[in-house]
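The values are calculated or read from the model by the stated rules, or taken from the named source; none is laboratory data. As the structure is a prediction and not an experimental result, all values here were calculated from the model. Note that we place each Cβ from the backbone using ideal geometry, even for glycine, and neighbour counts take in every protein chain shown.
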Amino acid sequence: MTTREAETALRACLPRNDLVTDSAAVRPFETDGLTAIRQKPWAVALPENVDQVRAVLSACREHGVPVVTRGAGTGLSGGARPLAEGLLLVLSKLRSIREIDLNACTATVEPGVTNLSISQAVARHGLFYAPDPSSQIACSIGGNVAENSGGVHCLKYGLTVHNVLGIRVQTFEGDELVLGGKTHDSPGYDLLAAMVGSEGMLGVVTEVTVKLLPLPRAKRVLLAAFDDVEVAGDAVGAIIAAGILPAGLEMMDRLAINAAEDFVHAGYPRDAAAILLCEVDGTEQEVQADVARVRDVLEARGARVTLAETEPEQARLWQGRKAAFPAAGRLAPDYYCMDGTIPRAELGGVLRRIGEMSEECGLAVANVFHAGDGNLHPLILYDSGAPGQLDQAEKLGGQILSLCVQVGGTVTGEHGVGVEKLDTMCEQFGALELAQFHRLKEAFDPAGLMNPGKAIPTLARCSELGGMHVHGGELPFPELERL
Amino acid sequence: MAANCRSQNSSACKGQGAFVARAEGAADIASGEGRDDAEAVVATVAECAASGRTLAITGHRSKRFLGEAQAEETLSVADYTGIMAHRPNELVLTARAGTPLACIERLLRAHRQMLPFDPPQFGGNGTFGGAIATGLAGPGRPWRGGVRDSVLGVEIVNGKGERLRFGGSVIKNVAGYDVSRLVTGSFGTLGVILSASVRLLPMPEAEQTLVRECDAARAGRWLRAWSRWPLPITATCFEGGLLRVRVSGAQTAIADAAMELGMPMRDPNAAFWQRVRDHEHPWFHGYAPLTRIAIPRGTPFERNDALIEWGGTQAWLREADVAPPPEGHVRSYRPTARTAVSNPALARYMQRIKEAFDPKAILNPGLLQLDPA
């Protein structure tokens with residue numbers, strides 16, 4: 001499939017050194033943020049403009065070469081893992097900010113522009129781009145669209161899907177689609193919604209128009225220390241039920257608190273079973289009113305509350321949270337980061353159950369997560385050098401995700417399915433839904449050459465796992481053999 | 001509204017009191033209220049899928065002026081009612097398609113919560129499923145999001161008669177393609193919506209309508225400038241030489257916003273926004289044509305005879321054959337016109353998506369025109 005003719009055709013689309021086929025030179029591209037899984041691509045294309053992207057796709061279509069699109073490569077689920085026989089289409093050179101429209105409060109940018117640089121470019125106008133995944137200094141906006149990225153502030157400001165107004169997409173068949181735009185709706189189906197979070201399976205995003213919001217004038221951060229993890233979990237729901245929508249509401253358990261303290265000395269109480277970090281923002285009056293109400297809710301549940309009024313105090317509190325992952329990395333040689341989401345009301349019970357499962361299997365689990373939207377990030381600590389521990393960690397991870405699905409949640413809140421969660425998708429979706437997903441992909445990519453094998457498991461894979469859900473005793477494709 | 005809810009749909013709202021009481025303490029989905037005859041809906045669609053007979057999906061028919069499907073059979077989901085789950089701590093509600101919006105509003109008001117997209121209830125009617133299927137949102141759209149922004153999950157019956165569930169009831173969920181949002185606003189042409197889960201918002205502590213005289217050009221200039229200010233604006237409406245601005249939040253924040261906006265005058269008529277939303281405001285009365293114009297953010301629209309909402313991005317005119325603004329689009333509400341997608345490439349992909357969900361094109365035929373121009 002990946003013939004010399006394909007290589008010749010691709011070289012014709014790109015200046016000489018923008019197509020990399022040398023085995024040593026493609027090595028840096030063999031993995032994304034999910035580093036446990038590596039695969040060298042057949043070739044790497046680094047186009048400099050959209051015309052080159054179109055030409056590359058056209059050459060791939062002609063020669064039947066599968067394409068994996070990659071932004072900054074910070075994804076955590078292996079969505080940008082290359083294919084041995086495929087082209088890795090890297091969009092990191094497409095990084096110009098095309099337009100900042102202050103009347104519309106929008107920015108139109110190329111897909112390789114980093115998330116943070118958008119906010120930096122518009123800060124002098126008193127505006128910002130709200131979604132802020134923790135990798136925002138490096139991750140690209142095109143990747144954010146592919147994964148529907150979240151971040152600390154999406155409880156109040158929404159996910160990527162809520163903040164992207166329009167995109168330009170190149171399909172594998174060679175069409176350019178302009179989806180969404182500066183109007184609040186567009187006639188026909190909401191293809192923009194279908195594209196956001198589609199993990200590079202439906203097309204290549206070559207331009208993104210995002211919504212810019214006015215920077216809030218005031219903000220405060222409250223730190224609440226609890227003696228009991230379940231009480232802390234329940235306090236999260238109580239804040240929401242009180243009618244407060246914090247800008248951020250994060251939780252850390254004792255293991256994570258102490259790891260963070262050892263690492264950055266954020267001033268967290270080491271004796272607490274759990275802490276909540278709650279950020280409220282808005283006008284000065286709104287913030288004052290919210291602080292008083294949040295404090296009441298927390299103190300009524302026995303929390304010790306401290307208020308960070310000044311910018312440096314707030315930054316210090318957030319620093320511990322932001323450093324939690326690297327800090328956990330010092331507790332054990334390796335960690336495995338999960339991404340399930342559960343209804344907030346289940347937080348207390350699920351945290352307790354994770355603790356029990358952790359004890360049963362003998363691997364410690366640190367919990368650092370977006371409590372406000374129920375998005376858990378249990379970090380399973382293990383040593384890949386110790387025989388069997390990786391398998392154990394993966395098994396525990398699978399159990400945790402099953403638990404998330406059982407209580408009405410999902411296997412991935414913001415990291416995506418990629419290659420990592422293909423098996424757990426079989427648990428969350430039935431065969432009929434999976435078949436519908438595959439038909440939706442075919443509508444955009446009939447050849448099936450955009451990021452093949454990612455995001456949606458095949459029915460055969462699920463049936464081999466024995467995890468296939470069957471609705472009402474009806475098996476789709478009864479003519480197919482089942483294992 | 002409450003009267004409507006009682007008189008028209010007694011079976012749907014009856015027992016809601018009991019449900020509310022249970023929902024407060026209940027940790028689990030409270031089903032059994034209203035009517036759950038989903039299997040009958042599935043069976044109807046499956047029969048039509050087998051025979052190839054076309055199917056028009058209806059609820060209260062409150063939005064029939066947006067077009068009605070011409071089909072061999074009619075499937076009404078108006079009797080498929082009931083709020084399946086409402087956990088106030090979760091800010092999430094799950095309800096069956098036929099549930100009257102008025103019932104949902106009443107339940108939520110008791111918990112000081114609201115549907116962020118504030119869907120219109122034309123003639124006081126409208127079902128939850130109809131709101132999702134048409135994707136129409138109320139005056140707060142630019143600030144609180146549209147229907148698609150709040151939808152978390154749906155259960156549908158596709159054109160093959162398959163009962164499918166997508167998304168869920170959690171805020172963050174990136175497992176699989178976002179079919180829930182794709183189905184939102186698709187006018188029932190991809191599947192019959194059985195039920196949906198949406199996120200809710202807490203009701204603001206207080207709300208006030210500020211008002212001042214101006215012409216459309218000035219109103220537009222102010223609104224464009226205000227969009228860059230961090231102010232608690234949640235609706236705007238220019239009409240008849242008056243600009244109204246709704247501000248929501250803490251009492252003190254509202255008072256400050258009024259000063260900063262330079263709008264000390266209040267409009268005490270709290271029902272104003274609902275009347276605009278439902279086209280009950282006198283401006284919408286009469287038989288003259290009615291056209292909706294979607295205006296790109298930041299683009300001036302300076303017609304003094306228009307009713308202009310959404311911070312200047314949605315306008316209404318009592319005229320037919322209105323030309324769309326650059327990068328905007330128009331839709332006639334009176335006389336009825338179907339939604340048409342004129343871009344050939346877009347229409348082609350949408351047609352393929354239609355085939356992926358409804359291969360025999362039995363669902364709401366003609367409601368969405370996807371013929372490449």
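For this structure, a couple of remarks:
- Scanning region A:329-356 for residues that are away from chain B (no Cβ under 14 Å) and either within 21 Å of B:Ser169 (Cβ to Cβ) or not hydrophobic (A, V, I, L, M, F, W, C) (or both) turns up A:Gly329, A:Arg330, A:Pro333, A:Asp334, A:Tyr335, A:Tyr336, A:Leu351, A:Arg352, A:Arg353, A:Ile354, A:Gly355, A:Glu356.
- Taking the criterion of being within 27 Å of A:Arg293 (Cα to Cα) and among the aromatic types (Phe, Trp, Tyr), the only residue of region B:195-246 that qualifies is B:Trp229.
- Index of the failed condition, A:Ala460 passing every other in (1) surrounded by fewer than 22 Cβ atoms within 10 Å (Cβ to Cβ); (2) within 11 Å of chain B (Cβ to nearest Cβ); (3) more than 30 Å from A:Ala274 (Cα to Cα); (4) over 17 Å from the mean Cα position of the chain (by Cα): (2)
- Matching residues in region B:282-297 - criterion: being buried (at least 18 other Cβ atoms within 10 Å of the Cβ) and either in contact (Cβ under 8 Å) with a residue 60 or more places away in the chain or assigned to a loop (DSSP other than H, G, I, E, B) (or both): B:Ile295, B:Pro296, B:Arg297
- Listed by first and then second residue, the pairs with beta-carbon distance under 7 Å, at least 6 apart or on different chains, first residue in region A:95-108 and away from every other protein chain (no Cβ under 12 Å) and surrounded by fewer than 21 Cβ atoms within 10 Å (Cβ to Cβ), second part of a loop (DSSP other than H, G, I, E, B) and modelled with pLDDT of 95 or more, are A:Arg95/A:Glu110; A:Arg95/A:Gly112; A:Arg95/A:Val113; A:Ser96/A:Glu110; A:Ile97/A:Val113; A:Arg98/A:Glu110.
- Flag if A:Gly200 is crowded, with 21+ Cβ neighbours inside 10 Å, touching a Leu at 6+ places or on another chain (Cβ under 8 Å) and in a loop (DSSP other than H, G, I, E, B): no
- Identification of strands (runs of 3 or more DSSP E) wholly contained in region A:299-377 with 1 or more residues that are among the aliphatic types (A, V, I, L, M) yields A:304-308, A:365-369.
- The residues of region A:1-57 that are of a type in the set (Lys, Arg), farther than 30 Å from A:Arg98 by Cα and assigned to a helix (DSSP H, G or I), listed by number, are A:Arg4, A:Arg27.
- Within region B:338-358, considering residues that are part of a loop (DSSP other than H, G, I, E, B) and at the interface with another protein chain (Cβ under 9 Å from one of its Cβ atoms), the one surrounded by the most Cβ atoms within 10 Å (Cβ to Cβ): B:Val341
- Selection from region B:231-255 of residues that are surrounded by fewer than 19 Cβ atoms within 10 Å (Cβ to Cβ) and free of Cβ contacts under 8 Å to residues at least 24 places away in the same chain: B:Thr252, B:Ala255
- Of all residues in region B:191-227 being in a loop (DSSP other than H, G, I, E, B) and among the hydrophobic types (A, V, I, L, M, F, W, C), the one that is nearest to the other protein chains (Cβ to nearest Cβ): B:Met203
- Residues of region A:114-137 satisfying the condition of being more than 17 Å from the chain's Cα centre (by Cα) and either closer than 29 Å to A:Pro47 by Cβ or in contact (Cβ under 8 Å) with a residue 24 or more places away in the chain (or both): A:Ser117, A:Ile118, A:Ser119, A:Gln120, A:Ala121, A:Val122, A:Ala123, A:His125, A:Gly126, A:Leu127, A:Phe128
- Among the residues of region B:326-337, those identified as in a loop (DSSP other than H, G, I, E, B) and either touching a strand residue (DSSP E or B) at 6+ places or on another chain (Cβ under 7 Å) or among the charged types (D, E, K, R) (or both) are B:Glu327, B:Gly328, B:Ala337.
- Scanning region A:192-248 for residues being of a type in the set (Ser, Thr, Tyr) and more than 8 Å from chain B (Cβ to nearest Cβ) gives a total of 2.
- Subset of region A:307-334 (residues that are touching an Asp or Glu at 6+ places or on another chain (Cβ under 8 Å) and either of a type in the set (Asp, Glu) or free of Cβ contacts under 8 Å to residues at least 12 places away in the same chain (or both)): A:Asp334
- Considering only residues in region A:375-389 that are buried (at least 16 other Cβ atoms within 10 Å of the Cβ) and without any contact (Cβ under 8 Å) to a residue 60 or more places away in the chain, the one that is farthest from A:Ala323 (Cα to Cα) turns out to be A:Gln389.
- Among the residues of region A:423-454, the one identified as charged (D, E, K, R), over 23 Å from B:Ser197 (Cβ atoms), more than 8 Å from chain B (Cβ to nearest Cβ) and without any contact (Cβ under 8 Å) to a residue 60 or more places away in the chain is A:Asp423.
- Some residue of region A:280-294 being closer than 25 Å to A:Arg352 by Cα and either in contact with a strand residue (DSSP E or B) (Cβ under 6 Å, 6 or more places away or on another chain) or surrounded by fewer than 24 Cβ atoms within 10 Å (Cβ to Cβ) (or both): yes
- Take the conditions (1) over 16 Å from the mean Cα position of the chain (by Cα); (2) surrounded by 19 or more Cβ atoms within 10 Å (Cβ to Cβ); A:Gln406 misses just one of them, which is (2).
- Among the residues of region A:5-29, those identified as small (Gly, Ala, Ser) and within 26 Å of A:Gly75 (Cα to Cα) are A:Ser23, A:Ala24, A:Ala25.
- Taken together, B:Gly185, B:Gly161, B:Gly130, B:Gly176 contain a single residue that is outside any strand (DSSP E or B), closer than 22 Å to A:Leu165 by Cβ and at pLDDT 95 or above, which is B:Gly185.
- Some residue of region A:251-260 being farther than 26 Å from A:Arg217 by Cβ, modelled with pLDDT of 95 or more, of a type outside the set (Asp, Glu) and assigned to a loop (DSSP other than H, G, I, E, B): no
- Subset of region B:359-373 (residues that are more than 10 Å from every other protein chain (Cβ to nearest Cβ) and surrounded by fewer than 21 Cβ atoms within 10 Å (Cβ to Cβ)): B:Lys360, B:Ala361, B:Pro365, B:Gly366, B:Asp371, B:Pro372, B:Ala373
- Pair list, Cβ under 8 Å, 6 or more apart: region A:395-422 residue within 7 Å of chain B (Cβ to nearest Cβ), other residue hydroxyl-bearing (Ser, Thr, Tyr) and in a helix (DSSP H, G or I): A:Val411/A:Thr424
- So B:Ser248, is it farther than 26 Å from B:Gly67 by Cβ, at the interface with another protein chain (Cβ under 10 Å from one of its Cβ atoms) and among the polar types (S, T, N, Q): no
- Among the residues of region B:165-190, the ones that are more than 8 Å from chain A (Cβ to nearest Cβ), farther than 19 Å from B:Ala71 by Cβ and in contact with a helix residue (DSSP H, G or I) (Cβ under 7 Å, 6 or more places away or on another chain) come to 1 in all.
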